[in-house]
1. Look at the range 79-97 and say how many of its residues are outside any loop (DSSP other than H, G, I, E, B) and more than 15 Å from the ligand (Cβ to nearest atom).
2. Pairs only if they're at least six apart or on different chains, beta carbon under 6 angstrom, first in the range 34-63 and in the same structural domain as Val81 (by TED's automatic domain parsing) and farther than 15 Å from Lys82 by Cβ, second within 15 Å of the ligand (Cβ to nearest atom) and part of a helix (DSSP H, G or I); list them, first residue then second.
3. So, of the residues in the range 57-78 that are of a type in the set (Val, Ile, Thr) and within 14 Å of the ligand (Cβ to nearest atom), which turns out to be farthest from the chain's Cα centre (by Cα)?
4. Look through the range 18-56, keep the residues that are in a loop (DSSP other than H, G, I, E, B) and more than 15 Å from the ligand (Cβ to nearest atom), and return whichever of them is modelled with the lowest pLDDT.
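The values are calculated or read from the model by the stated rules, or taken from the named source; none is laboratory data. This one's a predicted model, so the numbers in the text were calculated from it and none came from an experiment. Cβ coordinates were reconstructed from backbone atoms using ideal geometry, including for glycine residues, and neighbour counts include every protein chain displayed.
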Amino acid sequence: MSMEYRERDRDRDRDRDQEGRGKRKTFFRKKACRFCSEKEHQVDYKNPRMLSHFLTERGKIIPRRISGICALHQRALTTAVKQARVMALLPFTSTQRP
Ligand SMILES: [Zn+2]
C-alpha cells in the first residue's frame with residue numbers, strides 16, 4: 001500500500017514538472033545554440049571576451065539550461081573556459097564588484 005502511494009506521488013511530481021516546463025516555454029522564447037546557429041562564432045579559449053558572456057560576475061560558468069547552449073558546445077565551452085583560466089585570460093574567481 002505504501003508502495004502504491006509512493007508511486008502515485010512520484011507520478012504527480014513528474015506531472016507537475018512537465019507542467020512547469022511547459023509554462024516556462026511560454027514565458028521565455030526558445031533559445032537556439034549560438035555556436036550552432038552562427039558558424040562564425042566558435043568556441044575559442046583565446047577569446048576571453050566571448051567566453052565571458054557565459055560566465056557569472058563571479059567567474060562561474062553559466063549552466064546550459066540558462067544559457068541555452070547545446071550539450072556539445074557547452075562541453076567545448078567548459079574546456080575552453082578552463083584553458084583560458086590557466087592561461088590567465090579569465091579569472092578562476094573574482095570578488096571585484098562591477
Ligand atoms: Zn551548439
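1. Initial filter on the range 79-97 (outside any loop (DSSP other than H, G, I, E, B)): 79-86.
Pick out the ones that are also more than 15 Å from the ligand (Cβ to nearest atom) and you get 81-86.
The total comes to 6.
2. Close Cβ pairs (under 6 Å, with a partner that is within 15 Å of the ligand (Cβ to nearest atom) and part of a helix (DSSP H, G or I)) amount to Phe35/His73; His41/Arg34; His41/Phe35.
3. If we filter the range 57-78 for residues that are of a type in the set (Val, Ile, Thr), which is where we start, we get 61-62, 66, 69, 78.
Cutting the leftovers down to within 14 Å of the ligand (Cβ to nearest atom) gives us 69, 78.
Working: Ile69: 6, Thr78: 10 Å.
Checking each candidate, the answer is Thr78.
4. Residues of the range 18-56 that are in a loop (DSSP other than H, G, I, E, B), as a first pass: 28-33, 38-47, 56.
Narrowing the set further to residues that are more than 15 Å from the ligand (Cβ to nearest atom) leaves 28-29, 45-47, 56.
Working: Phe28: 52, Arg29: 57, Tyr45: 95, Lys46: 95, Asn47: 94, Thr56: 94.
Of everything passing the filter in the range 18-56, Phe28 is modelled with the lowest pLDDT.
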